[in-house]
Amino acid sequence: MASAIFFISDSQADLDSSTCDDAATVLRTLSIINYNPDMECFVEVLSEHDKRTLEDCHADVVLSR
């Protein structure tokens, strides 16, 4: 039984790809938080805006470039 999940971004992604990757990461993280609020979520996103969004949604640890 897992107690934490990690979402790692592709640091080599260009601007268009990073926007789509971040959007998918935000949706995945929110799904996990809604499904199991006790699961620790460690998330890396490329955009500062998405970082703030995840922090507002109570992800445990959020990193950005």
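Give me a comma-separated list of calculated 3J(HN,Hα) values for the stretch 14-25, in order, Karplus coefficients 6.51, -1.76, 1.60 applied at θ = phi - 60°, integers in Hz, x for any Gly or Pro.
7, 4, 5, 5, 5, 5, 5, 4, 5, 4, 5, 5
Once amide H atoms are placed 1.01 Å from N in the peptide plane, what residues at a sequence separation of 5 or more from residue 63, or on another chain, have their amide H within under 5 Å of its amide H?
Long-range HN contacts for residue 63: 43, 44, 45.
Please calculate how many Å² of accessible area the chain carries per residue, with a 1.4 Å probe and no DNA, RNA or ligand atoms counted.
Counting only protein heavy atoms, the per-residue value for the chain is 69 Å².
Counting only DSSP beta bridges with both residues in the chain, what percent are antiparallel, rounded to the nearest 5?
Around 0 percent of the beta bridges assigned by DSSP in the chain are antiparallel ones.
Where does the chain land at 222 nm, in deg cm²/dmol rounded to the nearest 500, when only DSSP H runs of n ≥ 4 count, each adding -39500 (n - 2.57), divided by all residues?
Value at 222 nm, helices only: -15000 deg cm²/dmol.
Just grab the label-to-label distance for residue 16 and residue 42, each label 7 Å out from Cα along the Cβ direction, in nm (one decimal).
Using points 7 Å along Cα→Cβ, the separation is 3.3 nm.
Counting alpha carbon pairs within less than 8 Å and at least 6 residues apart, what relative contact order, in whole percent, applies to the chain?
36 percent
Determine how large the accessible area of residue 49 is when every protein chain is in place; take a 1.4 Å probe and give Å² rounded to the nearest 10.
Roll a 1.4 Å probe over it and residue 49 shows about 110 Å².
Over the chain, with every protein chain in place, what whole percent of the accessible area is carbon and sulfur at 1.4 Å, could you tell me?
54 percent
The values are calculated or read from the model by the stated rules, or taken from the named source; none is laboratory data. On a predicted model such as this, the values are computed, not experimentally measured, just so you know. Positions of Cβ are backbone-derived with ideal geometry, glycine not excepted, and every protein chain shown enters the neighbour counts. Just so you know, the surface numbers come from the protein's heavy atoms only, side chains and all, with ligands and any DNA or RNA stripped out. Shrake-Rupley method; radii C 1.70, N 1.55, O 1.52, S 1.80 Å.
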